[in-house]
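Beneath this line is the structure, given in structure tokens, with notes to follow.
The values are calculated or read from the model by the stated rules, or taken from the named source; none is laboratory data. Nothing here was measured: the structure is a model prediction, and the numbers come from that model. All Cβ positions, glycine included, derive from the backbone under ideal geometry; neighbour counts span all protein chains shown. The accessibility values were calculated without ligands, DNA or RNA, using every heavy atom of the protein model including side chains. Shrake-Rupley method; radii C 1.70, N 1.55, O 1.52, S 1.80 Å.
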Amino acid sequence: AEYSNQPVNLLKVLKMLLVHDIVEIDAGDTFAFDTVAMQDKAARETAAATRIFGLLPPDQGAEMHALWEEFDAAATPDARLANA
């Protein structure tokens, strides 16, 4: 967090990282230069996130899904740090 150009919520960043990894465990981690696997990466990860977060109580599932979407969009300072 000390290297971020903007204030970040470190606990939220850590949650994003863990949620992202849980989805990748289920969907499979796609190598950045694997052009074939990249074609269906979004669909695999969306299906995994929906399945995994659907197992949780609704409020927890919604929170985890929101964290996953925020990480994926990389539009907030927290998400950009997590992606870095």
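Values as computed for the structure displayed
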{"read-out": "Relative contact order [Cα under 8 Å, 6+ residues apart], the chain, whole percent", "value": "40 percent"}
{"read-out": "Spread of Cα-to-Cα distances over 10 Å intervals beginning at zero, given as percent, for the chain", "value": "18, 46, 29, 7"}
{"read-out": "Estimated distance in nm for a label pair at Phe33 and Leu18, the labels positioned 7 Å out from Cα along Cα-to-Cβ", "value": "3.4 nm"}
{"read-out": "Accessible surface of the chain [probe 1.4 Å, protein heavy atoms]: carbon and sulfur percent", "value": "61 percent"}
{"read-out": "DSSP H segments from the chain that extend 20 Å or more along their own axis, Cα-based, with Kyte-Doolittle mean of -0.5 or above", "value": "10-27"}
{"read-out": "Dipole magnitude of the stretch 12-74, debye to nearest 20 (Cβ charges: Lys/Arg +1, Asp/Glu -1, about Cα centre)", "value": "60 debye"}
{"read-out": "Summed residue charge, Cβ within 15 Å of Phe31's Cβ, Lys/Arg positive, Asp/Glu negative", "value": "-3"}
